[in-house]
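Data block below; observations after.
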Amino acid sequence: MSAAKIVAIVVGVSVICIVLLALFGLSLFAVKTVEFEGGAVNEEGRTIEVSKGIDDLIVSLSSKPNPVAVGENLALTISVTNTAKESRKLSFRSSRRYDFWVVDASGDEVWRWSEGRMFAQVLEDVVLESTQKTEFTESWSLIDSKGVPVKAGEYKVFGVIVADELKSEELEIDVGVKAAAQ
């Protein structure tokens, strides 16, 4: 094979590689998704906090204690932190900023914080300065939406901050509910 043919092949392959890299690179900039995912576990190995990055915002969901005993309350916190060097705007379509809900092992929703609550239908922008964090905390008394205490078992706790910029990304933690101490 002549040197000219080898050079032509190398140049052709190089051009194809550059085009593919350019297309791949452009798609990364066009759709910016999760950059960070992480979590923390307790001594039983249960997840007590999960975090997910969306653009320059880190959303975290935590619960404590985990496991929780029947008759106790489960504290739920969801937060968003701006990790950008500049301020970031969060746009809300109502006065509801967040929500928590719990699903049992069979996939049935047993409790939702926002159920039965009224929220003003207002558009509002909230500005988070660089490194600023805002958080929302609620407590679940382990009573289902019908007013009945839940049984011991495994549950999934979900949380979301409903700002448009966060794309309604739900975070999830597995929570154990154990029988009450005797």
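Rule-based calculations on the coordinates, nothing more; no lab input. Just so we're clear, the structure is a prediction, and the values are computed from it rather than from any experiment. Methodologically, a virtual Cβ is constructed for each residue, glycine included, from the backbone with ideal geometry; neighbour enumeration extends over all protein chains shown.
The label-point distance for R96 and F119, in a model that sets each label 7 Å from Cα toward Cβ, rounds to 0.4 nm. Take the alpha carbon gyration tensor of region 34-178, find the square roots of its eigenvalues, order them as a ≥ b ≥ c, and report rounded if a/c is under 1.5; if not, report prolate when a/b exceeds b/c, else oblate. Taking the square roots of the gyration eigenvalues as a ≥ b ≥ c, region 34-178 is oblate.
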